[in-house]
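Some notes on the structure that comes next.
Bear in mind these aren't lab numbers, they're just calculated from the coordinates by the rules spelled out. Not measured: the values here are computed from a predicted model. Here Cβ is always computed from backbone atoms with ideal geometry, including for glycine, and neighbour counts include all displayed protein chains.
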Amino acid sequence: MSLRTAVAVITTAIVLVSLADSLTLVYATTRLQRTTQELGAGVESVRLSHDIGIDLLLHGRSQDAVVRHDLADSLRRRLADADVFVSSPGERRRLDAAVRHVEAYLASGTSDDHAAAYSSVLALIDTNVTDARHAVERAARLDRTSNLLGFAAIVILLVTVGALLLWLQRHVVRPMTALADIMSSFGEGRRDARAKVQGPTEVVAIATQFNAMADSLESERRSRIALLGGVAHDLRGPLSAMNLSVASMRIGALSPERSEAIAARLDRLLGRVERMVNDFLDATRVEAGQLRVELRPCDLRSVIAEVVDQVRASTSAHQLRAELPDVPLLVQGDALRLEQALSNLVGNAIKYSPNGGEVAVHARHEPGAVVVEVRDQGIGISDRDRASLFEPFRRLESASAIPGTGLGLFVTRGIVEAHGGTIDVDGAPRGGTVVRLRLPAGDSRELGPPA
Ligand code: ATP
Ligand code: MG
């Protein structure tokens, strides 16, 4: 679940529970208010019906015409007042009966009608007292229910908030804290620290990215250590050979041929060391984005021909072919850097074809671009490995028996990209490898007329 969804769910849950609580309380207070009103009406009805009973008794006993007249008025007024407070059908029936009997008595004045009127008033009092008692009981019941509902609402709200806090703590806060701890312990130098991939989507994404970053930092660190070891190891070979050569020069007088042979050997060894150091420096420049190229109009055909000639001299096991068009292959380029890049690729094609075979450098025009392909029939590169080939110090398992530092392709890609071009690797149709460079085509007018 994502953090956004979690927050939405928590907010909705709290809002719903609060809403349910509020509705319950509003319902309870409304009911309580209505019951209180009924209770008030009941009390008023009891009081009025009592007064009616007293007026009726006094009327029956009084002989004074004026007093009887006043009491009759009072009786009618109180009966009319009682009408306002009627709260049940039973009370309505009793009151109507009382009004009828009192009117009959006031009209006839007989003691029979007086007795009938008085007993109908007593029945009215009875009904009112019963109604009032029921109202009191209802109010008490409602009070208890309201208390219970209020208590339940508080408990539900507390339980909901508590459960949500617990959920937050377990599924959000704890994974985030664990992630922060892992990150800081990685920062403090624990290189094997990796985050547990758990918690909300965002935390899972951060943990996954952190683990990937930590893995890549770690593999970079290992590569650097391996490189230092590799560079030291690779340098040790030519350096001890140079050492031996120098020592053999000191042994005594050497024939001119022997001296010449040793000098030539030292030259070759120095060249090897120089190339390794240069590759290392170039790789550092590419990594820092500081590889400088001086772009001038140049014909790639001469660069390719130069590289093929140089490499051809160093191998007899391979047939080297340059397939070039008759028209110039113009690019805006740094001829020396392009030579270095192509030399790396052709050098790889030779190196990774231990059984010999054909190595072809094919070049052609495509719309807006010049394409150069270096094709070999060597050990090939699996689809899976192609994506990682251009990483610094990357060497494939298949090449473990062949010497190299794994910087050639990294530097080559740096050079090609500095020219605004691209490089990719493909399998060759009959085994082997095709490395393809694509450089932006230059303007033919910039090269000037042929000499
Ligand atoms: P160096 O720095 O001396 O060039 P390297 O040749 O090992 O060392 P890259 O040229 O960068 O380094 O090549 C990287 C890896 O790619 C090689 O180690 C090898 O495994 C693989 N590779 C490169 N070119 C080829 C090829 N033509 N055929 C098969 N594998 C290749
Ligand atoms: Mg190489």
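Per DSSP H run of n ≥ 4, the term is -39500 (n - 2.57); total these for the chain, divide by its residue number, and report the mean residue ellipticity at 222 nm rounded to 500 deg cm²/dmol.
-23500 deg cm²/dmol
So for segment 1-149, averaging the separation of alpha carbon pairs under 8 Å that are six or more residues apart and normalising by length, what relative contact order in percent results?
34 percent
Output wanted: per-residue J couplings in Hz (rounded whole) for segment 201-211, from phi through Karplus 6.51 cos²θ - 1.76 cosθ + 1.60, θ = phi - 60°, x for Gly and Pro.
Those phi angles translate into 3, 5, 5, 4, 5, 5, 4, 4, 5, 4, 4 Hz.
Hull surface divided by four, with the convex hull built on the Cα atoms of segment 92-238: how many nm²?
14.7 nm²
Could you sort the peptides 100-106, 198-204 by per-residue average Cβ neighbour count (10 Å cutoff), highest mean leading?
Order by mean packing, descending: 100-106, 198-204.
Read phi for every residue in segment 316-323 and hand back ³J(HN,Hα) as whole Hz from Karplus 6.51 cos²θ - 1.76 cosθ + 1.60, θ = phi - 60°, with x for Gly and Pro.
Values, residue by residue: 10, 7, 10, 9, 9, 10, 10, 9 Hz.
Taking the alpha-carbon centroid of each part, what is the distance from segment 367-430 to segment 35-89 in angstrom?
113 Å
Quick one: compute the contact order of the chain, relative version, from alpha carbon pairs under 8 angstrom and 6+ residues apart, as a percent.
That works out to 11 percent.
Å³ per residue of the Cα convex hull, for segment 274-419?
It comes to 120 Å³ per residue, whole-number rounded.
Can you give me the pair-distance distribution of the chain, C-alpha pairs, 20 Å bins, whole percents?
Computed distribution, short to long bins: 16, 24, 15, 10, 9, 11, 10, 3, 0.
Spelling out what I want: for every residue of segment 267-274, take phi, set θ = phi - 60°, compute 6.51 cos²θ - 1.76 cosθ + 1.60 (Karplus), and round to whole Hz; glycine and proline get x.
The phi angles translate into 4, 4, 5, 4, x, 4, 4, 4 Hz.
Could you state the orientation-averaged shadow area of the convex hull built on the Cα atoms of segment 389-442, in nm² to one decimal?
4.6 nm²
Step by step: find N for segment 26-114, compute 2.2 N^0.38 Å, then divide the Cα radius of gyration by it. What's the final number?
The reported ratio for this selection is 1.32.
Using a/c under 1.5 as the rounded threshold, could you call segment 201-288 rounded, prolate or oblate? The axes a ≥ b ≥ c are square roots of the C-alpha gyration tensor eigenvalues, and prolate needs a/b larger than b/c, oblate otherwise.
prolate
Treat segment 3-166 as a sphere of radius equal to its Kirkwood radius over Cα pairs and apply Stokes-Einstein at 10 °C in a medium of 1.306 mPa s; give the translational diffusion coefficient in µm²/s, rounded to a whole number.
82 µm²/s
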